[in-house]
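Trainee: Starting off with a structure, shown below.
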Amino acid sequence: MSESTANPLNKINLLGMPRQKMIDFFADLGEKPFRAKQVMQWIHQYGVMDFDEMSNISKVLREKLKEIAIVQAPEITYQAISKDGTRKWLMKMPGGSSIETVLIPEGNRGTLCISSQIGCALDCSFCSTGKQGFNRNLSAEEIVGQIWNAIASFEDLDRTKDRPVTNVVMMGMGEPLLNFDNVMDSIDLMMDDFAYSISKRRVTISTAGVVPAIDKMNGLTDASLAISLHAPNDELRNQLVPVNKKYPIAMLLDSAKNYLSNLSDKRKATIEYTLLAGVNDRKVHADQLIELLKDFPCKINLIPFNPFPGSGYKKPSNTEVRCFQDWLTKAGYITTVRTTRGDDIDAACGQLVGLVEDKTRRSERYINLQQLNG
Ligand code: SAH
């Protein structure tokens, strides 16, 4: 349970509580399981936080709930809406750091990119979040609160039919699989019919490759998986994604393949591949990737590098990106290029920088490096 700005009595925040925990919570109050479902629907489907508005709950129970519990989402300190409809929020966490959440509307889909940690400890060489260091894990209510807030930002929403969030990707700040329990509780709520009711195919955990956690997901969840690969061989991946030194590519692909094969439907993983000019975007890299993934059920999503000051990397030209895509497509891989959305509000991948109060001194090292590099 996280402490919260307007929750001085440290009441239990019901926003991040998945169904079974909610049922247990009500059982402790001597209440039947259906109460849990009613309260979940009020919170997540009707967007109600005030117990007094939960009209099918008895007055006595409402008073009891007010004494011990609260429903509270993170505080929004900034909201921007791009020309293309992309929305971005900065949400302030107790302690002062901020995280970012982005909603990308596309036809009748709305993909919400949410954060799982304040900062990130993995330090991938081309990621601006990593450069800010790590502060702490987000609680389940802070993760789910991003969805709650995103939906609530639509005024005049007809909640019986409008669905501004149809897909959730854990591709904001942080490494979701290093915040395992809170992320599992959150995705449980995303997929729950009494909460957000999003299909398992449309909830995606994106990981840089925390292999033991992928193994642990088996049987616990059936969410979709995205692997941030970014390099076709261990030598290069060790430089770009340092966690690779601990869990090299073969181990990672094995673990992911095993997870996919345990799902009840035939599902592919998404391979994310950030294209860094001259580093991993040449023909030789495409050839290696084609060979590497030949027995791995996947589609490939290419992300042209989004530059940030002092990164030391360059974005490939559009022609170079197209070439790389063509090589993979011709080899039979479904390959998409992530288009940059919300450019005018700095909402693109890698620009999700939030404001992290670093607890690891990594940002300090980075600043020193930047000074050294002029
Ligand atoms: N830790 C998780 C999720 C975070 S980032 C993971 O690694 O998957 C979501 C994706 O954006 C990752 O694939 C990440 O490597 C990529 N990314 C980070 N910084 C980027 C940048 N500057 N340009 C393009 N993609 C970037």
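The values are calculated or read from the model by the stated rules, or taken from the named source; none is laboratory data. These numbers were taken from a predicted model, which means no experiment stands behind them. Cβ atoms come from the backbone with ideal geometry, glycine included; neighbour counts cover every protein chain shown. Side chains included, ligands, DNA and RNA excluded: accessible areas come from the protein's heavy atoms. Shrake-Rupley method; radii C 1.70, N 1.55, O 1.52, S 1.80 Å.
Trainee: Could you tell me how many degrees, from 0 to 90 and to the nearest 10, lie between the Cα long axis of helix 180-191 and the main elongation axis, the longest principal axis, of the Cα atoms of the chain?
Mentor: Long axis of 180-191 versus the principal axis of the chain: about 70 degrees.
Trainee: Where nothing but the Cβ of Lys and Arg (+1) and of Asp and Glu (-1) is charged, how large is the charge dipole of the chain around its Cα centre, in debye to the nearest 20?
Mentor: Its charge dipole is roughly 660 debye.
Trainee: On the protein heavy atoms, probe 1.4 angstrom, tell me the percent of accessible surface of region 12-70 carried by carbon and sulfur. Walk me through the intermediate numbers first.
Mentor: Numbers: 1490 of 2880 Å².
Answer for region 12-70 is 52 percent, counting heavy atoms of protein chains only.
Trainee: Hey, if you put +1 on the Cβ of every Lys and Arg and -1 on every Asp and Glu Cβ in region 75-372, which of Thr129, Ser311, Gly119 ends up farthest toward the positive end of that dipole?
Mentor: Going by the Cα projections, it comes out as Ser311.
Trainee: Please go through the residue pairs Lys83/Lys246; Lys161/Lys266; Lys21/Lys245; Lys257/Lys330 and name each one whose alpha carbons sit more than 31 Å apart in this structure.
Mentor: Details: Lys83/Lys246 42 Å; Lys161/Lys266 29 Å; Lys21/Lys245 37 Å; Lys257/Lys330 23 Å.
In this structure, Lys83/Lys246; Lys21/Lys245 lie more than 31 Å apart at Cα.
Trainee: Same structure, new question: Highest mean first, how do 186-198, 206-218 rank when packing is the count of other Cβ atoms within 10 Å averaged over residues?
Mentor: Ranked from most to least packed, the peptides come out as 186-198, 206-218.
Trainee: If you count the DSSP beta bridges with both ends in the chain, what percent of them are antiparallel, to the nearest 5?
Mentor: Taking every DSSP beta bridge within the chain, about 45 percent pair in antiparallel fashion.
Trainee: While we're on this one: Please state the charge dipole magnitude for region 159-303, taken about the Cα centre, from unit charges on C-beta atoms (+1 on K and R, -1 on D and E), reported in debye and rounded to the nearest 20. Provide the component values of the computation, followed by the final result.
Mentor: Working: 18 positive and 18 negative charges, 84 e Å.
Using Cβ point charges on Lys, Arg, Asp and Glu, region 159-303 gives about 400 debye.
Trainee: Could I ask something else about it? Classify region 12-70 as rounded, prolate or oblate, taking a ≥ b ≥ c as the square roots of the eigenvalues of its Cα gyration tensor: rounded when a/c is under 1.5, otherwise prolate if a/b is larger than b/c and oblate if not.
Mentor: Working: a/c = 1.33, a/b = 1.06, b/c = 1.25.
Rounded, because the longest to shortest axis ratio a/c is under 1.5.
Trainee: Okay, next question. Region 186-249 to region 105-174: how many Å between their Cα centroids?
Mentor: So the separation of the two Cα centres works out to 15 Å.
Trainee: Which length gain, in nm to one decimal place, applies between Thr319 and Leu9 when the Cα-Cα distance is subtracted from 0.36 nm times their residue separation?
Mentor: In short, 105.8 nm is gained.
Trainee: Sticking with this one: How many nm separate the modelled label positions at Arg62 and Gln79, each set 7 Å beyond the Cα in the direction of the Cβ?
Mentor: Modelled inter-label distance: 2.6 nm.
Trainee: Shifting gears a bit: What accessible area per residue comes out for the chain, rounded to a whole number of Å², with a 1.4 Å probe? List each step's numbers first, then the result.
Mentor: On the way: 16810 Å² over 374 residues.
Result: 45 Å² per residue.
Trainee: May I ask you to evaluate 6.51 cos²θ - 1.76 cosθ + 1.60, the Karplus curve with θ = phi - 60°, for each residue of region 260-269 and list the ³J(HN,Hα) values in order in whole Hz, giving x for glycine and proline?
Mentor: 4, 6, 8, 6, 6, 10, 7, 10, 9, 7
Trainee: For region 150-267, give the percent of accessible area contributed by carbon and sulfur heavy atoms, probe 1.4 Å, rounded to a whole number.
Mentor: 46
Trainee: DSSP loop (so not H, G, I, E, B), at most 13 other Cβ within 10 Å: list which GluC sites (Glu not before Pro) in region 116-198 pass both filters.
Mentor: Glu155
Trainee: Give me the one-decimal Kirkwood hydrodynamic radius in Å for region 1-154, with the sum taken over alpha-carbon pairs.
Mentor: 17.0
Trainee: Moving on. Starting from the Cα of Phe154, step 7 Å along the direction of its Cβ; do the same at Asp344; then give the gap between the two resulting points in nm.
Mentor: The answer from the label model is 2.1 nm.
Trainee: Can you give the FRET efficiency for Lys216 and Gln288, using 1/(1 + (r/R0)^6), R0 = 41 Å, r = Cβ-Cβ distance, to the nearest 0.05?
Mentor: For R0 = 41 Å, the calculated efficiency reads 0.90.
Trainee: Alpha carbons only, please: Rg and Dmax for the chain, in angstrom.
Mentor: Over the chain's Cα set, Rg and Dmax evaluate to 21.2, 69 Å.
Trainee: Same structure again: Stretch Ala27-Asp52 to full length: gain in nm at 0.36 nm per residue minus the Cα-Cα span? Provide the component values of the computation, followed by the final result.
Mentor: On the way: separation 25, 0.36 × 25 = 9.00 nm, distance 2.06 nm.
Residue separation times 0.36 nm, minus the Cα-Cα distance, leaves 6.9 nm.
Trainee: By how many degrees, 0 to 90 and rounded to 10, does the Cα axis of helix 140-152 deviate from the longest principal axis of the chain?
Mentor: Taking the Cα atoms of the chain, the angle to 140-152 is about 90 degrees.
Trainee: How tilted is helix 59-68 with respect to the longest principal axis of the chain? Cα atoms for both, answer in degrees (0 to 90, nearest 10).
Mentor: 50
Trainee: Related question: Which value, in debye to the nearest 20, describes the size of the charge dipole of region 12-70 about its Cα centre when Lys and Arg Cβ atoms bear +1, Asp and Glu Cβ atoms bear -1, and nothing else is charged?
Mentor: 200
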